[in-house]
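Working notes for the structure below.
FYI, it's all coordinate maths here, none of it is from the lab. Computed from a predicted model, the values in this text were never measured in an experiment. Neighbour counts are summed over all protein chains in view; Cβ atoms, including those assigned to glycine, are modelled from backbone coordinates with ideal geometry.
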Amino acid sequence: MIYGTGIDIIEVERVRKKIEKPGFIEKAFTPYEIEYCQSKFNKAEHFAVRFAAKEAFLKALGTGWQGAFPSEELEIVSDELGKPSFQFGEGLKKYLEERGIVNCHVSLSHVKEMAIASVILEK
């Protein structure tokens with residue numbers, strides 16, 4: 001059964017400007033995400049799509065940023081084929097378990113100007 005869905009689209013240029021500001025990257029992304037995005041040719045696209053994924057997740061959860069968790073609680077990882085998934089910190093895992101959420105699907109896409117993410121949470 002679906003608990004919630006979320007989708008977010010963001011302009012890459014908007015994120016490019018944010019990641020140039022001191023402290024933003026460390027506040028919004030985990031060390032793994034930073035290393036991953038920094039290793040890419042167009043870093044801003046990769047940061048943007050991960051930011052969109054976190055927004056989409058919080059929309060699916062129904063909390064928005066108001067009930068947000070620290071950046072280390074919500075991380076996008078990719079398997080060896082590039083398939084993205086969320087990795088949750090202990091606090092967020094507990095929060096999801098308390099609500100009966102057992103599965104999270106995420107889809108990411110980006111082009112030069114835009115990044116979009118979709119999340120489906122299942123009970």
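Some observations on this one:
- Sole exception among (1) loosely packed, with under 12 Cβ neighbours inside 10 Å; (2) touching a strand residue (DSSP E or B) at 6+ places or on another chain (Cβ under 8 Å) for Leu81, by number: (2)
- Long-range neighbours under 6 Å by Cβ, at least six apart or interchain, first residue at positive phi within region 47-76, second part of a helix (DSSP H, G or I) and crowded, with 23+ Cβ neighbours inside 10 Å: none
- Considering region 84-112, and only residues there that are surrounded by 14 or more Cβ atoms within 10 Å (Cβ to Cβ) and of a type in the set (A, V, I, L, M, F, W, C), the residue that is nearest to Phe41 (Cα to Cα) turns out to be Leu108.
- Failed item, numbered, when Ile10 is tested on (1) more than 14 Å from the chain's Cα centre (by Cα); (2) over 23 Å from Ile101 (Cα atoms); (3) part of a strand (DSSP E or B): (1)
- Of the strands (runs of 3 or more DSSP E) lying entirely inside region 31-123, those containing at least 1 residues that are over 15 Å from the mean Cα position of the chain (by Cα) span 103-110, 114-122.
- Selected residue (criterion: farthest from Glu75 (Cα to Cα)) from residues of region 1-46 that are of a type in the set (A, V, I, L, M, F, W, C) and without any contact (Cβ under 8 Å) to a residue 24 or more places away in the chain: Phe41
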